[in-house]
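All remarks here apply to the structure that follows.
The values are calculated or read from the model by the stated rules, or taken from the named source; none is laboratory data. Computed from a predicted model, the values in this text were never measured in an experiment. No Cβ is skipped: glycine too gets one built from the backbone with ideal geometry, and neighbour counts run over all protein chains shown. Each accessible area value is taken on the protein alone, full model and side chains, heavy atoms only, with ligands, DNA and RNA left out. Shrake-Rupley method; radii C 1.70, N 1.55, O 1.52, S 1.80 Å.
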Amino acid sequence: MSNAPPPLNSLRAFEAAARHRNFARAALELSVTPGALSHQIRGLEKLLGVALFERQARGVALTAPGGMLYPGLLSAFALIRNSVNVLRTSADSGVLVVSAPPGFISKWLAPRLYRFAEAHPDVELRIAASIVFANFASDGVDLAVRNVPTDQGAGATLEYEKLIDDQLVAVCSPKVIGKMERERSRGRYDVRKTPLIHDDQLAGRPEVPTWVDWFRAVGQTPVNLQRGLRFSSAEHAIEAAVQGAGLLLTHAILVHDELVAGRLVMPIDLAVPAGRTYFLARPKAKPLRPGATAFRAWIRGEMRAMVTARTSAKR
């Protein structure tokens with residue numbers, strides 16, 4: 001086996017073929033003919049003195065030596081592609097892509113974004129709504145707002161910055177609260193017979209309190225926990241509550257503006273910890289560009305202002 005360094009083109013051809021397990025698809029990715037790609041790989045095999053692929057009916061498979069070579073090259077070319085993408089992105093520093101859950105965008109973020117736009121007219125902001133976590137490597141996302149369990153680590157490649165701990169509150173429209181009776185012993189509203197609205201996005205998360213937990217915390221026994229409307233999105237459930245469909249257990253941050261405006265009220269003043277936290281996530285390997293730095297400072301300031309307003313309202 002020769003000690004001479006293999007040509008970069010032959011290594012690139014091998015990495016693409018190994019990743020696709022198909023010469024034709026690898027050739028298409030590299031914009032060369034399958035014959036040219038095969039020639040590059042044969043030259044690499046000759047230089048290394050080993051067979052790297054086994055030809056099969058529907059593609060190729062790595063040999064043992066090929067399996068040893070592939071992981072290192074996969075990582076190396078991924079780093080090269082990431083470095084080029086960072087360079088290309090930094091050249092267009094006016095564009096900032098932020099990913100967040102749809103409910104968070106519609107109920108909290110979007111109504112406030114005009115303030116960021118006024119303060120930073122040079123930043124072209126693009127908001128990507130997604131119920132799944134953004135892939136920073138392939139989706140072109142700079143920052144992501146994520147609601148995850150509070151004790152969940154960010155991992156080796158991401159940095160999580162806490163924005164606010166999530167809380168759940170029970171809310172309804174003023175016309176619904178007008179139909180409630182008050183408990184004689186405590187003077188609080190009796191919500192046991194009020195129709196419930198269910199946000200099914202809260203289900204299946206063991207750390208998140210349920211209606212059972214909320215009723216236990218307030219010391220009331222509901223008539224029927226299964227009654228009422230069910231929604232697969234928080235924003236639709238909130239709109240139903242605004243229109244008077246019943247009592248909704250939801251994220252406090254998503255109904256903050258409705259509570260301030262009086263479109264929703266809390267019949268019982270209780271916020272229960274959700275066991276989750278809103279974080280601002282970003283890749284550790286990607287330097288913060290000026291637009292991302294500005295958005296990071298802005299959203300932290302908006303969160304602080306909301307908490308201050310909420311605290312002052314209770315005094």
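The residues of segment 162-195 that are touching a Lys or Arg at 6+ places or on another chain (Cβ under 7 Å), part of a loop (DSSP other than H, G, I, E, B) and modelled with pLDDT under 90 amount to a single one, Arg188. The single condition among (1) of a type in the set (Asp, Glu); (2) open to solvent by 60 Å² or more (accessible area, probe 1.4 Å); (3) closer than 25 Å to Ala129 by Cα that Asp257 does not satisfy is (2). Looking at Ala26, Ala51, Ala61, Ala4, just one residue is at pLDDT 90 or above, assigned to a loop (DSSP other than H, G, I, E, B) and not polar (S, T, N, Q), and that residue is Ala51.
For segment 274-289, indicate whether the set of residues that are out of contact with any helix residue (DSSP H, G or I) (no Cβ under 9 Å at 6 or more places or on another chain), open to solvent by 60 Å² or more (accessible area, probe 1.4 Å) and farther than 24 Å from Gln152 by Cβ is non-empty. No: zero hits. Inclusion of Val218 among residues that are exposed (fewer than 14 other Cβ atoms within 10 Å of the Cβ) and of a type in the set (A, V, I, L, M) is not warranted. The residues listed here are Ala234, Ala252, Ala203; of these, the one that is open to solvent by 60 Å² or more (accessible area, probe 1.4 Å) and under 16 Å from Gly103 (Cα atoms) is Ala203.
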